[in-house]
There are 2 protein chains.
Amino acid sequence: MNETIKTLLNHRSIREFKNTKLTNEQVNCIIQSAQQASTSSYMMAYTIIGVTDPQIKAALAEVSGQSYVKNNGHLLVFCADLHRQTHTASQEMFNQMIENLENSEHFLVSAIDAALAAQNAAIAAESMGLGICYLGSLRNDLARVDELLSLPQHVIPLFGMAVGVPAHQPERKPRLPKSAVYFENKYEAHDDIVQAFDDKIASYYQTRSENSRKDTWTAQMHRRFSKTIRMDVTDLVQKKGFNKR
Amino acid sequence: MNETIKTLLNHRSIREFKNTKLTNEQVNCIIQSAQQASTSSYMMAYTIIGVTDPQIKAALAEVSGQSYVKNNGHLLVFCADLHRQTHTASQEMFNQMIENLENSEHFLVSAIDAALAAQNAAIAAESMGLGICYLGSLRNDLARVDELLSLPQHVIPLFGMAVGVPAHQPERKPRLPKSAVYFENKYEAHDDIVQAFDDKIASYYQTRSENSRKDTWTAQMHRRFSKTIRMDVTDLVQKKGFNKR
């Protein structure tokens, strides 16, 4: 097993960081790695905002409800960006582009482009001994995040990433078995596999060193979806010119 | 610079593969790496289909119009999956879950989860000396791909990935400069930076070893968006129970 695979398999989300800022060299290396990820039809349809202003960090931490949004070595916000593609377009050209730009195909393209770049950033950071945590929690109030980062039309925040020197070492969180997420040639029923995983994960939750509790994966998922959350994501996304048709 | 960063920075999409199938060990390592990627609220909202059936591969190659969808060492299709989360839910629970499950927040969650897993798969493959190419082209006919892979409600194909032993070595494709995609604290105007990149990329296109042509990035983007493509993605996505509200 090579060093890269070891890094990939060793991932765990880090939620407590030492009070050490990333160096410019580390940030540059992370961003350069992010940029070399694959991109759909060369669109590079994302922007990364590095947040260093303490007031903006505090405001983002308030949106997320997570202390590690404020306390970390560096904070990144990954945005879908279809603004750059209209650069220097005449009004006539822009009018032609907009129908296509604002469809759900390009909402997908920009979200996927941003995610591929983000995962390269995560792997680069982890390969240097840093820890990371994705912050979907910024979508608790996407309009506020959008405003805080002064994003123009056709740019929206998608998620953040806290990076830094780990100050704890949580257990590696179990994943569904391969046979539950990987199939050959066609989708297959796998309820019994998920059931067996629930038994396994119940024991993980009871015995792990931090936040031990009685739970299963299926119960979590049922709770997660049983009340609506973030129904306002749609409004902000469409208002900013994404996913409109 | 460590080996992992070298792998990340060395990425180029490979579109010609030697006639060598991946071993089971290689496939297992790639899928295991994919699975350890971060996942939003532990949802693991994706499924990966490995396509080995020659008839299905041929049909997918027809959808994409790309020969390397048929000719590769292994073919993966990454799907958004919100079906698994409703596993064993009673009808009453399912009815409660559906409002939330079908919103655009969870469309985003599943697309991002799938993309993070995919990028781990890509990096794992590249670290082993294999090459990869993402296949957004499967969205040329998403309904056909959906049917070919027998995907149930709340599962949709997003993109494919061809993996294999590289049979060519294209140049590394230039990226926008860091100053065009990375900003501190707020979004900044960067038209002049994109303009300078257009000059650079014009020279890349004229001198590269394969498919040389006269072009700029901005001109490509204007062409890309000036006519509509894949407007039917929305229909299939919504029909399958995603992105409905």
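Figures for the structure shown
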| read-out | value |
| --- | --- |
| Failed criterion for residue A:62 (all others in (1) facing chain B (nearest Cβ under 7 Å); (2) free of Cβ contacts under 8 Å to residues at least 24 places away in the same chain hold) | (1) |
| Qualifying positions in region B:183-213 - surrounded by 13 or more Cβ atoms within 10 Å (Cβ to Cβ) and within 30 Å of residue A:144 (Cβ to Cβ) | B:183, B:185, B:186, B:187, B:188, B:190, B:193, B:194 |
| Evaluation of residue A:121 against (1) over 26 Å from residue A:235 (Cβ atoms); (2) more than 7 Å from every other protein chain (Cβ to nearest Cβ); (3) touching a helix residue (DSSP H, G or I) at 6+ places or on another chain (Cβ under 9 Å); (4) surrounded by fewer than 20 Cβ atoms within 10 Å (Cβ to Cβ) (one fails), failing number | (4) |
| Residue B:137 more than 7 Å from chain A (Cβ to nearest Cβ), polar (S, T, N, Q) and over 28 Å from residue A:230 (Cβ atoms) | yes |
| Odd one out for residue B:20 among (1) facing another protein chain (nearest Cβ under 9 Å); (2) modelled with pLDDT of 95 or more | (1) |
| Residue within region B:152-160 that is surrounded by fewer than 18 Cβ atoms within 10 Å (Cβ to Cβ) and at pLDDT 95 or above present | yes |
| Of the criteria (1) within 7 Å of chain B (Cβ to nearest Cβ); (2) part of a helix (DSSP H, G or I), which one residue A:126 fails | (1) |
| From A:78, A:107, residue being closer than 25 Å to residue B:13 by Cα, modelled with pLDDT of 95 or more, in contact with a helix residue (DSSP H, G or I) (Cβ under 6 Å, 6 or more places away or on another chain) and at the interface with another protein chain (Cβ under 10 Å from one of its Cβ atoms) | A:78 |
| Every residue from region A:230-245 that is in contact (Cβ under 8 Å) with a residue 24 or more places away in the chain and under 19 Å from the mean Cα position of the chain (by Cα) | A:230, A:232, A:233, A:236, A:237, A:242, A:243 |
| Restricting region B:88-104 to residues that are buried (at least 18 other Cβ atoms within 10 Å of the Cβ) and over 17 Å from residue A:139 (Cβ atoms), the residue that is nearest to the other protein chains (Cβ to nearest Cβ) | B:97 |
| Region B:144-155, subset farther than 27 Å from residue B:16 by Cα and in contact (Cβ under 8 Å) with a residue 24 or more places away in the chain, residue nearest to the chain's Cα centre (by Cα) | B:155 |
| Tally, over region B:25-54, of residues that are assigned to a helix (DSSP H, G or I) and of a type outside the set (Ser, Thr, Tyr) | 11 |
| Members of region A:179-220 found to be assigned to a helix (DSSP H, G or I) and either in contact with a Gly (Cβ under 9 Å, 6 or more places away or on another chain) or among the hydroxyl-bearing types (Ser, Thr, Tyr) (or both), listed by number | A:179, A:203, A:204, A:205, A:207, A:218 |
| Identity of the residue in region A:214-243, under 30 Å from residue A:98 (Cα atoms) and among the charged types (D, E, K, R), that ends up surrounded by the fewest Cβ atoms within 10 Å (Cβ to Cβ) | A:235 |
| Any chance residue B:49 is facing another protein chain (nearest Cβ under 7 Å), among the β-branched types (Val, Ile, Thr) and under 16 Å from the mean Cα position of the chain (by Cα) | yes |
| Residues of region B:1-24 classified as assigned to a helix (DSSP H, G or I) and either within 17 Å of residue B:51 (Cα to Cα) or hydrophobic (A, V, I, L, M, F, W, C) (or both), total | 4 |
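Each row is one residue, and each column tells you yes or no for (1) at negative phi; (2) surrounded by fewer than 16 Cβ atoms within 10 Å (Cβ to Cβ); (3) more than 8 Å from chain A (Cβ to nearest Cβ).
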site	(1), (2), (3)
B:7	yes, no, no
B:16	yes, no, yes
B:28	yes, yes, no
B:36	yes, no, no
B:43	yes, no, no
B:58	yes, yes, yes
B:67	yes, yes, yes
B:73	yes, no, yes
B:82	yes, no, yes
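The values are calculated or read from the model by the stated rules, or taken from the named source; none is laboratory data. Predicted, not measured: the structure shown is a model, and the values here were computed from it. In this analysis, Cβ positions are derived from the backbone assuming ideal geometry, glycine residues included, and neighbour counts consider all displayed protein chains.
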